[in-house]
Amino acid sequence: MTALDKTDFLSEKTRQFLAERHHPMLIGGRWVDAASGQKLEVLNPADEALIATVPAGSPADVDAAVKAARSAFETGPWPRFKPAERERLLLRLADLVERDGQTLAEIESIDNGKSAAIAHAVDVSVAASFLRYMAGWATKIEGSTMDVSVPFMPQAEFVAYTRKEPVGVVAAIVAWNFPLLLAAWKLGPALATGCTVVLKPAEQTPLSALYLGRLIEEAGYPAGVVNIVTGDGPGAGAPLTGHPGVNKITFTGSTEVGKLIGKAAMDNMARVTLELGGKSPVIVLEDCDPAMAAAGAANAIYFNQGQVCCAGSRLYAHKKIFDRVVADLAAAANALKIGHGLDAATQIGPLVSREQMDRVCGYIDIGRAQGAEVVAGGGRAGDVGYFVRPTVLTQVEQKMRVVQEEIFGPVVVAMPYDDLDQVAAWANDTPYGLGASCVNPPGCSVR
Ligand code: ADP
């Protein structure tokens, strides 16, 4: 494992940002602390060092942010912005994200643990291109006209049409696995359509959202159009989803919290979009190339340290090639270079937090206790930082917790199967949806 004790090579902007040490939140165009004065500590998961503090938002701060968003939605310049002006602002924001891409990637790496190189290539560039994509929608939102068949007043003629209008104040609550990208996925549609937003980043990873707040200001968004409230779930998330001034909730995170948010939305009659957990199957067919399948399966589970909602966390390989696939997968897992996300050679960074590391290691222990065999990895790497070795578990059965529950870490369970009907039933034997993949033989026309 590599450890970096120097950060001299960080971009100048990253160093300046980190040197500030405390980062206030953005409410109504002002950078403010929590009304209570409370702060949250932000740690670097690679070395457990304190990187920064942010305000610990509470119901009073959430209320101020929702009111600022409401006022920006109803008065001020934003409601008068023409679609083409909303488009131009989103394009400008995308350019700024790209301009400061290196800084955003470095911040993401230090805050979340992920590789800065991958954060730049994936998180930042997908965020920028997604904002551009959504910019295009601003000018293409249309209603419809229709002939109506109203039966009474036979002589009367009717003109009927629909208009699509912004729903109002959007509460956007995001998880810690792709902090910048998830924020962009929430902001893009809301801003393209003319809504205003209260964004709450995850308490583990608030920094890229706060940096993005500066770019939002620089792009020229009027005060209050985007508000960013930092804080934890009970302190800031729950009061935000329960606030009667919110018209729409969009959430990415755990299924457990998603259920609470669904109930809160129902109580307020707010619209809601939830993107939750997964336990996605990867099915390897009998006549496919085992080496290719193993390489794909490794990428499916170990990308972003397995902290991906659609990670391929269940591997089903046909019994004829199961041993070879598993051997290649275990070799791939053992070969991955574990290290600090700022090291360009790193392939597996730390998990986001001690809590997550303990949870993932706890699942590996549960697997062992229920009879699973650890053929690669099997626990924590090192004793500083939240590193978990890429792990493969075999000798597992459908009913075991490691097969049924989302682990959200670099742990895959592998099972052999006999026939397609059997594996299809196993693949579907999960409370989750989200993703599935199938590895076909080379040259197969079905993809
Ligand atoms: P994970 O379990 O992966 O850490 P969570 O679903 O707990 O993910 O967190 C995702 C986001 O939801 C974070 O921003 C977190 O602060 C927020 N959150 C957690 N609990 C609640 C809650 N009760 N109401 C609203 N938001 C919450």
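Would a scan of region 260-271 turn up a residue that is open to solvent by 40 Å² or more (accessible area, probe 1.4 Å), more than 12 Å from the ligand (Cβ to nearest atom) and touching a residue at least 40 places away in the same chain (Cβ under 8 Å)?
yes
Residues to consider are ARG324, ARG314, ARG354; find the one that is within 26 Å of the chain's Cα centre (by Cα), open to solvent by 70 Å² or more (accessible area, probe 1.4 Å) and not acidic (Asp, Glu).
Values: ARG324 fails: within 26 Å of the chain's Cα centre (by Cα); ARG314 fails: open to solvent by 70 Å² or more (accessible area, probe 1.4 Å).
Unique residue meeting the criteria: ARG354.
Considering only region 276-299, state which residues are in contact with a helix residue (DSSP H, G or I) (Cβ under 8 Å, 6 or more places away or on another chain) and either assigned to a helix (DSSP H, G or I) or within 30 Å of ALA236 (Cα to Cα) (or both).
Matches in region 276-299: LEU276, GLY277, LYS279, PRO290, ALA291, ALA293, ALA294, ALA295, ALA297, ALA298.
For region 419-429, state whether one or more residues are farther than 18 Å from VAL282 by Cβ, touching a residue at least 24 places away in the same chain (Cβ under 8 Å) and out of contact with any Gly (no Cβ under 6 Å at 6 or more places or on another chain).
no
Pull up region 281-308, narrow it to residues that are in contact with a strand residue (DSSP E or B) (Cβ under 7 Å, 6 or more places away or on another chain) and closer than 27 Å to GLY385 by Cβ, then point me to the one that is surrounded by the most Cβ atoms within 10 Å (Cβ to Cβ).
Top of the filtered list is GLN305.
Of the residues that sit in region 209-237 and are within 16 Å of ALA68 (Cβ to Cβ) and open to solvent by 10 Å² or more (accessible area, probe 1.4 Å), which one is farthest from the ligand (Cβ to nearest atom)?
Taking the candidates together, the pick is PRO222.
Could you tell me how many of the residues in region 239-252 are more than 17 Å from the chain's Cα centre (by Cα) and under 15 Å from LEU274 (Cβ atoms)?
4
Condition check ((1) more than 24 Å from the chain's Cα centre (by Cα); (2) surrounded by fewer than 21 Cβ atoms within 10 Å (Cβ to Cβ); (3) over 18 Å from LEU315 (Cα atoms)) across all residues:
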| residue | (1), (2), (3) |
| --- | --- |
| ASP358 | no, yes, yes |
| GLY385 | no, no, yes |
| VAL402 | no, no, no |
| ILE407 | no, no, no |
| VAL412 | no, no, no |
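Wholly within region 47-157, which helices (runs of 4 or more DSSP H) include no fewer than the required count, namely at least 2 residues that are open to solvent by 70 Å² or more (accessible area, probe 1.4 Å) and under 30 Å from GLY339 (Cα atoms)?
So the answer is 83-99.
The values are calculated or read from the model by the stated rules, or taken from the named source; none is laboratory data. Because the structure is predicted, anything quoted here is derived from the model rather than measured. Cβ: placed from backbone, ideal geometry, glycine included. Neighbour counts: every protein chain shown. Please note that ligands, DNA and RNA were not included when accessible areas were found on the heavy atoms of the full protein model with its side chains. Shrake-Rupley method; radii C 1.70, N 1.55, O 1.52, S 1.80 Å.
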